Amino acid sequence: MIRNPVLPGFHPDPSIVRVGDDYYLATSSFEWYPGVRVHHSRDLVHWRPLGGILTERRLLDLSGVPDSGGVWAPDLTYHDGLFHLVYGVMDNYALGYKDVANHLITAPSIEGPWSDPVRLPGRGFDASLYHEDGRSWLLSMVFDSRPGRGFAGIEMRSLDGGKPELILPDREVTEGPHLYRIGGWYYLMVAEGGTGYQHQVTVLRSRSMSGPFEEDPAGPMLTSRHDPGLELQKAGHGCLVETQTGEWYLAHLAARPYHNRACVLGRETAIQRVVWEDGWPRVAGGVPAVEVAPPALPACPWPADEDSGGIDGGLGARWSTLRRPASPDWVVAARDGLTIKGGQSPYGLRSPSLVARPVTARTCSLEAVVRFEPDGVHQSAGITAYYNSRNWHYLALTSDGLVLTTSDRGTRTEHLLGPAGPEARLRVELDGPVVRFNHGPELDATILSDEHADERVDGHIRSFGFTGAFVGLWVQDLAGEGGTARFEQIRYTA
């Protein structure tokens, strides 16, 4: 069976494509490198990480982007022998504005080499491509930044030039468009209701790619909004794929909240079986299932030791770095561990030194032996449970000793736990709504949730919460004096 979520933890906004016998899932990466995570399968059941596509500043510059800014909702397609990746980079979303630039790159293989980015036109985010008869069209939602406005529908334009055409007015926070031509109809799939608990997948169709589009009379293709008892909530932002045997599936995002509706695991990727009824693609019951019948394809499991949990000769495909790509000037990976040169403070948005991976299960842990000798109060190194620059827990070796610090929406609380030598084994465990380090008191894990990270001031957005929790290895050197820590015996367990 397909067991959902197929990509647990922070893997939102999936875009799925089949090339021959291979399936690829691309997901949003926001302020984390490498940008646009990709997973690979041959049966829709077993998925292996390939790492990210946007691995260098030539392709992506994240310095200074806000929390939950950066890469939003990528779109991966295959046309005329090339992979096409469209991705938007959100530089600002504050005070009613959306400063987003959409880009296109191509490659003959999913491994690259990827072309230099081409800036695309477009007046909104969640851009995607539709290909037909050697031509390509760009679709995206339209954002109107005038006071009291906002979401303004879906527009389409040819990449050959010409003016954009509004093909669907906004209905209920309409975004995430994908266009398909199937059986003489053009099907427009959109996400609606916002990416929270009112989220849904809506399908409309027309005989013309420019509309007018009529909605499936059966209602949303997929949603959890009417049933808080479903294990998978926030179901929406879908993308279709057809198998080699003519079966259809829907990749979509979902979330698994805790008892207080806090989604510490963030928005994840799930897959549903699609059936065609009366000319419409539908999911059974219109709700997300945890177990789904797989397609009639040979099973293709990947090696059982694909995720050893640690770092073996390199960062590996499951690890990320915050706001700057991993490069030898600040992080060196070897078979026996990591050497990390310290970076900015937790609230710095340009050059932090944090190597982390998404929390993928309700109960999980990260541990490592840390070797570090701080040179003053401006240096520290340790282990963290992290959401964004304003919400984190951090156990660190400092010049004051072993210190456990919590930042809750920017308000810091410190616990001095005692003296610290130049070496310590540190461990952090998430157990549902609780965070435990191997030193210090139990802490609140729900401050590391999407819901807690969402902040508004005087009705205006201060920060979004789109990423889910991470655990990681963190080194800070606020004076930039070369403070460096060594991490060994690194182990993630879920």
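We did not get these values from a lab; they are worked out from the coordinates using the rules stated. Just so you know, these numbers come straight off a predicted model, no measurement behind them. Note that we place each Cβ from the backbone using ideal geometry, even for glycine, and neighbour counts take in every protein chain shown.
For region 320-493, what is the relative contact order in percent, using Cα pairs closer than 8 Å and at least 6 residues apart in sequence?
32
Ratio of the chain's C-alpha Rg to 2.2 N^0.38 Å, to two decimals?
Relative to the rule-of-thumb radius for its length, the chain sits at 0.96.
What is the diffusion coefficient of region 18-61 in µm²/s, taking the Kirkwood radius over Cα pairs and the Stokes-Einstein relation at 10 °C with a viscosity of 1.306 mPa s?
After rounding, the answer is 143 µm²/s.
Less than 11 Å Cβ to Cβ from residue 195, Lys/Arg counted +1 and Asp/Glu -1: what total charge do the surrounding residues give?
Summing Lys and Arg as +1 and Asp and Glu as -1 gives -4.
In the neighborhood of residue 76, defined by Cβ-to-Cβ distances under 14 Å, what is the net charge if each Lys or Arg adds +1 and each Asp or Glu adds -1?
Here the count lands on -3.
Along the positive direction of the dipole of the chain (beta-carbon charges: Lys, Arg +1; Asp, Glu -1; about the Cα centre), which of 326, 12, 49 reaches farthest?
326
Taking other Cβ within 10 Å of each residue's Cβ, how do 116, 170 sort, fewest first?
Placing the least packed residue first, the sequence is 116, 170.
Note the full-extension length gain between residue 3 and residue 171 as 0.36 nm times their separation in residues minus their Cα-Cα distance, in nm to one decimal.
That pair, residue 3 and residue 171, stretches by 57.2 nm at full extension.
Please express the Cα-Cα pair-distance distribution P(r) of region 95-211 as a list of whole percents, one per 10 Å bin, running from 0 to the bin with the greatest distance.
13, 41, 33, 12, 1
Which whole-Hz couplings ³J(HN,Hα) result when phi for each residue of region 203-215 is put into the Karplus expression 6.51 cos²θ - 1.76 cosθ + 1.60, θ = phi - 60°, listed in order with x for Gly and Pro?
Each residue of region 203-215 in turn: 10, 10, 9, 7, 7, 10, 5, 9, x, x, 9, 10, 7 Hz.
Give, rounded to the nearest 20 debye, the magnitude of the charge dipole that the chain has about its Cα centre when Lys and Arg contribute +1 at Cβ and Asp and Glu contribute -1 at Cβ.
Once rounded to the nearest 20, the dipole reads 300 debye.
What residues qualify as long-range amide H neighbours of residue 182, i.e. H under 5 Å apart, gap of 5 or more or another chain, H built at 1.01 Å from N?
Amide H neighbours of residue 182: 187.
Hand me the trypsin sites (Lys or Arg not before Pro) from region 319-399 located in a DSSP loop with no more than 13 other Cβ atoms within 10 Å, in residue order please.
335, 350
Ranking 291, 367 by Cβ neighbours within 10 Å, fewest first, what do you get?
291, 367
Quick one: order 407, 29, 351 by neighbouring beta-carbon count within 10 Å, fewest to most.
351, 407, 29
Relative to the compact globular guide of 2.2 N^0.38 Å, what is the alpha carbon radius of gyration of region 240-394, as a ratio?
1.40
Computed over the Cα atoms of region 320-493, what is the ratio Rg over Rh, Rh following Kirkwood?
We get a ratio of 0.95 for region 320-493.
Would you mind working out the magnitude of the charge dipole of region 126-167 relative to its Cα centre, with +1 at each Lys and Arg C-beta and -1 at each Asp and Glu C-beta, to the nearest 20 Debye?
240
Return the sequence-ordered ³J(HN,Hα) values of region 319-329 in whole Hz as given by the Karplus equation 6.51 cos²θ - 1.76 cosθ + 1.60 applied to θ = phi - 60°, using x for Gly and Pro.
Those phi angles translate into 9, 10, 10, 8, 6, 8, x, 5, 8, x, 6 Hz.
Under the definition of Cα pairs under 8 Å and six or more residues apart, what whole-number percent is the relative contact order of the chain?
Result for the chain is 15 percent.
Given Cα pairs under 8 Å that are at least 6 residues apart, what percent is the relative contact order of region 2-292?
15
Residue farthest toward the positive end of the dipole of the chain, with Cβ of Lys/Arg at +1 and Asp/Glu at -1: which of 76, 257, 35?
Of the options given, the answer is 35.
Dipole of region 2-292, Cα-centred, from +1 at each Lys and Arg C-beta and -1 at each Asp and Glu C-beta, to the nearest 20 debye?
340
For a Förster distance of 56 Å, can you work out the FRET efficiency between the beta-carbons of residue 400 and residue 40, rounded to the nearest 0.05?
0.75
Could you compute the net charge surrounding residue 332? Neighbours are other residues with a C-beta less than 12 Å from the C-beta of residue 332; K and R count +1, D and E count -1.
+1
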